[in-house]
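One structure is given here, and the rest of the page talks about it.
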Amino acid sequence: MKLKILLLEDDVELNDTITSFLVHEGFEVIQSYDAKDAKDKIYESSFELWLLDVKVPFQSGTDLLSELRHDGYDTPAIFITSLSSVEDVSRGFQSGGDDYIRKPFVLKELKLRIEAVIKRHYHTTEKYIHIDDKYTFDPLEKQLYKNNERIKLKPKEINLLALLLQHKDHILTKEIIFDSLWSYGEEPNEGSLRTFIKILRHHLGKIRIETIKEVGYRYISR
């Protein structure tokens, strides 16, 4: 039930420091040290947030994000960099960045910025996403509530709901879902996935989650 973050930072020591802090704070962090590797990881899996250094090997963080935005990715992104001019900041936002934090920074400030960006990405200034009159979802804690009472869901079920909400009204292929829900070494199970969908439909209604035959699923927000 952890938020999954891609961290692109070529300074190994800083990368490890940020990763250790965020893991301690309850996040899942996938480390990357150059733009080529980061791009491969993004194409192979799904993340709730990207933390991108600007000056990294093979391609700048801003150019990488511009390319990903052009390819249709809307995952929120925060730049972490030592660059500080107005032009640099402007370039970061123009490439599709959601926030910008300068080095050196306090790790607790990074966490606050992550939480703020996640809330904005889910189009709410409140803690909860209101699914309908009965159901709400907490994107940070990854909890589903009905009439303010928590619904007990298994980790893969709640992670699937979070993934669907993150990409609402867009088709999620089975491959993306498998990469996001099943850890390395686990064997993805299509039967289990259908069971997870059935359970979510039981709570939210059948019309909320559309089956795209032979492809995947889509969460319908309206």
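The values are calculated or read from the model by the stated rules, or taken from the named source; none is laboratory data. A quick note: this is a predicted structure, and the numbers were derived from the prediction, not measured. Here the Cβ positions follow ideal geometry from the backbone for every residue, glycine too, while neighbour counts run over all protein chains shown.
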**Prompt:** Here are some conditions: (1) loosely packed, with under 15 Cβ neighbours inside 10 Å; (2) at pLDDT 90 or above; (3) among the charged types (D, E, K, R). E44 meets all but one. Which one does it not meet?
**Reply:** (2)
**Fill in**
Residue count, the stretch 140-177, condition among the basic types (K, R), part of a helix (DSSP H, G or I) and either out of contact with any strand residue (DSSP E or B) (no Cβ under 9 Å at 6 or more places or on another chain) or within 14 Å of Y219 (Cβ to Cβ) (or both), comes to 1
**Asked** What number of residues in the stretch 206-222 are acidic (D, E), in a loop (DSSP other than H, G, I, E, B) and surrounded by 11 or more Cβ atoms within 10 Å (Cβ to Cβ)?
**Response** 0
**Request:** Could you please find all residues in the stretch 176-191 being among the polar types (S, T, N, Q) and surrounded by 13 or more Cβ atoms within 10 Å (Cβ to Cβ)?
**Result:** S180, N189
**Complete:** Residue count, the stretch 1-46, condition under 18 Å from K108 (Cα atoms) and of a type in the set (G, A, S), comes to 2
**Message:** So L22 passes all but one of these: (1) within 22 Å of I171 (Cα to Cα); (2) assigned to a helix (DSSP H, G or I); (3) of a type in the set (A, V, I, L, M). Which condition number does it fail?
**Reply:** (1)
**the stretch 50-78: number of residues that are out of contact with any Asp or Glu (no Cβ under 8 Å at 6 or more places or on another chain) and buried (at least 22 other Cβ atoms within 10 Å of the Cβ)** = 5
